[in-house]
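Engineer: I'd like to ask some things about the structure below.
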Amino acid sequence: MSPMTTTVRVTETGPVLHITGELDYSTAAELRQVVTGLTLTPGQRLVLDLAHLDFCDSSGITAFIVARNHVTAAQADISLAAVPAPVLRVLRVTGLDQVFTIEPGADARQHRAVGG
């Protein structure tokens, strides 16, 4: 069991949130808090980088929906990057793959760090 950690990287197009470890009932509230604490401006895009996500249960999927609602309220956009196969399968079964933009990786759109 690996605890979840999150790291935010600021880019010109918006924040990239790297999620590592296990996203489940015990950690989903933490992710919801991190995401809803992000200040987004209209037109920005929040990218949830899932490349190092080891596990995600229904609580984690719900946290993604909370993130989408937060982003939509800010008139911004959201995408999921580097989605692991088991999570992608759940997104497809639930139809959420039609709700979220899914990218092959967080750097697929040439994100550049601000100031770097």
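Engineer: Region 4-94: which chymotrypsin sites (Phe, Trp or Tyr not before Pro) are DSSP loop and have at most 16 other beta-carbon atoms within 10 angstrom? Let's see the in-between values first.
Structural biologist: Working: sites: Tyr25, Phe55, Phe64; in loops: Tyr25.
Hits after loop and neighbour filter: Tyr25.
Engineer: Can you give the calculated 222 nm mean residue ellipticity of the chain, where each DSSP H run of n ≥ 4 adds -39,500 (n - 2.57) and the sum is split over every residue, rounded to the nearest 500 deg cm²/dmol? Mind dumping the intermediate values first?
Structural biologist: Numbers: 3 runs with 35 residues, N = 116.
Result for the chain, helices only: -9500 deg cm²/dmol.
Engineer: Related question: Roughly speaking, what is the stretch gain from Thr62 to Thr7, that is 0.36 nm per residue apart minus the C-alpha to C-alpha distance, in nm to one decimal?
Structural biologist: Working: separation 55, 0.36 × 55 = 19.80 nm, distance 1.96 nm.
In short, 17.8 nm is gained.
Engineer: Next question, about the same structure. Which value in nm describes the separation of the simple spin-label points at Asp24 and Asn69, placed 7 Å from the Cα toward the beta carbon?
Structural biologist: Those two pseudo-labels are separated by 2.4 nm.
Engineer: So what is the relative contact order for region 16-103, in percent, with contacts set as C-alpha pairs under 8 Å and at least six apart? Present the calculation step by step, with values, prior to reporting the outcome.
Structural biologist: Details: 131 pairs, mean separation 29.7, N = 88.
Computed over region 16-103, the figure is 34 percent.
Engineer: Here's something else I'd like to know. Specify which labelled value, from (1) 44, 30, 28; (2) 38, 29, 28; (3) 36, 28, 25, agrees with Cα extents along the principal axes in Å derived from the coordinates of the model shown.
Structural biologist: The calculated read-out lines up with (3).
Engineer: Among Gly14, Gly37, Gly60, which one moves the most in a GNM of the chain with springs linking Cα atoms closer than 10 Å?
Structural biologist: Fluctuation is largest for Gly37.
Read-outs throughout are calculated quantities, based only on the coordinates presented, and are distinct from any laboratory measurement. Please read all numbers here as calculations on a predicted model, not as lab measurements. Backbone-built Cβ (ideal geometry, glycine too); neighbour counts: all protein chains shown.
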